[in-house]
1. Look at the stretch A:76-111 and say how many of its residues are open to solvent by 10 Å² or more (accessible area, probe 1.4 Å) and in a strand (DSSP E or B).
2. Considering only the stretch A:124-136, how many residues are over 18 Å from the mean Cα position of the chain (by Cα), open to solvent by 10 Å² or more (accessible area, probe 1.4 Å) and either more than 7 Å from chain B (Cβ to nearest Cβ) or among the hydrophobic types (A, V, I, L, M, F, W, C) (or both)?
3. If you go through the stretch B:14-58, how many residues are among the basic types (Lys, Arg) and closer than 22 Å to B:Asn298 by Cβ?
4. Could you check the stretch B:137-147 and list, in sequence order, the residues that are touching a residue at least 24 places away in the same chain (Cβ under 8 Å) and surrounded by fewer than 23 Cβ atoms within 10 Å (Cβ to Cβ)?
5. Being away from chain A (no Cβ under 14 Å) and either more than 23 Å from B:Phe159 (Cβ to Cβ) or modelled with pLDDT of 95 or more (or both) is the filter here, so list the residues in the stretch B:171-204 that pass it.
6. Could you check the stretch B:21-35 and list, in sequence order, the residues that are part of a helix (DSSP H, G or I) and at pLDDT 85 or above?
7. Looking at B:Ile118, is it aliphatic (A, V, I, L, M), touching a residue at least 24 places away in the same chain (Cβ under 8 Å), part of a loop (DSSP other than H, G, I, E, B) and surrounded by 20 or more Cβ atoms within 10 Å (Cβ to Cβ)?
8. Identify, please: which residue in the stretch A:225-248 is open to solvent by less than 10 Å² (accessible area, probe 1.4 Å) and part of a loop (DSSP other than H, G, I, E, B) and is, among those, modelled with the lowest pLDDT?
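The values are calculated or read from the model by the stated rules, or taken from the named source; none is laboratory data. None of these values were measured; they are calculated from a predicted model. Methodologically, a virtual Cβ is constructed for each residue, glycine included, from the backbone with ideal geometry; neighbour enumeration extends over all protein chains shown. To get the accessible areas, we keep the full protein, side chains included, count just its heavy atoms, and leave off ligands, DNA and RNA. Shrake-Rupley method; radii C 1.70, N 1.55, O 1.52, S 1.80 Å.
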2 protein chains.
Amino acid sequence: MGLSTACAAEPLPRFGLVLHGGAGVIERQNMPPGREAEIRQQLNEALAAGYQVLAKGGPAIEAVAATINVLEDSPLFNAGRGAVLNAAGQCELDASIMNGNTLAAGAVAGLQHIKNPINLARDVMTKSSHVMLIGEGAEQFAQSLGYALVPNEYFQTEFRREQLKKIQAREKAAQTGVRHTSDYFDRQSRWGTVGCAALDQQGNLAAGTSTGGMANKKYGRVGDAPIIGAGNYANNATCALSATGDGEYFMRLNVAHDVSAQMEYRGVPLHTAAAASIAKVGKLGGTGGVVAIDRQGNIAMEFNSLGMYRAAHLAGQPAFVAIYRDEKIPENFSR
Amino acid sequence: MGLSTACAAEPLPRFGLVLHGGAGVIERQNMPPGREAEIRQQLNEALAAGYQVLAKGGPAIEAVAATINVLEDSPLFNAGRGAVLNAAGQCELDASIMNGNTLAAGAVAGLQHIKNPINLARDVMTKSSHVMLIGEGAEQFAQSLGYALVPNEYFQTEFRREQLKKIQAREKAAQTGVRHTSDYFDRQSRWGTVGCAALDQQGNLAAGTSTGGMANKKYGRVGDAPIIGAGNYANNATCALSATGDGEYFMRLNVAHDVSAQMEYRGVPLHTAAAASIAKVGKLGGTGGVVAIDRQGNIAMEFNSLGMYRAAHLAGQPAFVAIYRDEKIPENFSR
């Protein structure tokens, strides 16, 4: 008998996921009553949607999409329904997804009528020969695949309309003569990108990011979310990662690829790499964060903002959901 | 006397630039008569425009724009005038630029009426708080700065109209039922992005890339040229680089940032890093190349295609202009 019996505990399969619902000026004293519980519940739901896929042996890319769909459909986050409004009062959505096993990637930007932008990004990855499609062209591609277009009003919420009014009133009041700066913007209102990084039972990594971008944005501004290597990256050789924050800084530093590159070329662990990249963002003057997972199931939830909506669930461990900076991940969470 | 006299040769100021006008299936036997001389002359003109800026002590970012303007204005390259046509018979232009001293960056995509896209990318960098603007929004931003919009016909040449007809006829003939693949595309016709990387006398690096993208492109396809970290990157700590080739592969590998990251994290020289990144592109199935320069004035012109329009001029050395693979850069060119 001895060795052939299953008396020793089998090592747990290594799989799991980590997500974010945006980083920013998130503090206990500013959280509207009741909102915190709602947010935690939505983060839990999104986490469960992705975890179920992984627990059944499904692919990481599927888990990422399932998780992000929940966050896109929730009005609480700046992605899909509930996205911020641009200067013209419309929602304009960006998303990207990447498969760490093949380095295949898909991205879309400037969508106005696609209910779940992450799904279209995934179809760009798997059903086109391209990586990035933008604007009306991307929506034509969606229609060629049978997508129904939704009216832009589907995405718009009363909360975001009020937010835009406030921002625009303040912008008008604060006419300083300085052109095209974002100083007037409520920093809290600018963020809220959602994202997810997952490791499946086959050992494959994937990451996705979806956003409405920056409130009151003008001129077809695109941030880091749909930029492969800036707001999103996945490579089985290193990690899968999704970012949120001051998109322009994440673009200039190629944050998502920078974390991956540090693991590949410096040989440092995920957490060290993520902390170093976020430190670079801070040094350049930006704020935000990343969530990431590597092939061993180590995770990172690194941010330099006051808070970040975040959650993680690794096989054999309890789910972790957090909002504020002082909520620490359990020591033994990382495998 | 002795030490105080200027009898010893002063070390030459280290400045210079390197450019490309696209990589692809470029072979002697396929070059139309007379075309080669025209191309070499235009590459020389572009090189001289940038070199003049540097020789006068001007900034690298200025030299990059001056060089790229010549290539954009020439009908011979796939950028600005002479750009390839999209599936609808229109020119759709993308560009990006980056300042290695500040890591400031600007990018534009999907332009139809801006004569010199690299200039608008530069204005996005210096006159907006954003990194990337797309489509009509980007053109509205241009108008707010006083840009005149040019009719799309300005960009269109008879050569590109013929090319599109051929590609579309072949696409129609080759109805294989496979959707959205690029197998029908003439590989030679897909490329032609232009770009430049420069080092100025102050030791600052800059890089820029401008393109019409892929002939017969659909659905608002965006390639690597306007993606910071994919088709373009500049960092005084490492190098300035512009890429050309199968954009989708350069995006998935973040080629421009990958070269920079190898120098930063592996500590390898520019040429080693560039060769390793292009080898990755080849391994994934892509072709193309990069031109790059570092702060010591070392340059790289690395490609895995049959040819690449390329040129370089470093202070104190003769200008180098080449088209075919077998044209080797002089051994002593790299300082």
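1. Total satisfying the criteria: 3.
2. 2
3. 1
4. Answer for the stretch B:137-147, where residues must be touching a residue at least 24 places away in the same chain (Cβ under 8 Å) and surrounded by fewer than 23 Cβ atoms within 10 Å (Cβ to Cβ): B:Glu139, B:Tyr147.
5. If the condition is that a residue be away from chain A (no Cβ under 14 Å) and either more than 23 Å from B:Phe159 (Cβ to Cβ) or modelled with pLDDT of 95 or more (or both), then B:Gln175, B:Val194, B:Gly195, B:Cys196, B:Ala197, B:Ala198, B:Leu199, B:Asp200, B:Gln201, B:Gln202, B:Gly203, B:Asn204 are the ones that fit.
6. Correct list: B:Arg28, B:Arg35.
7. no
8. A:Asp246
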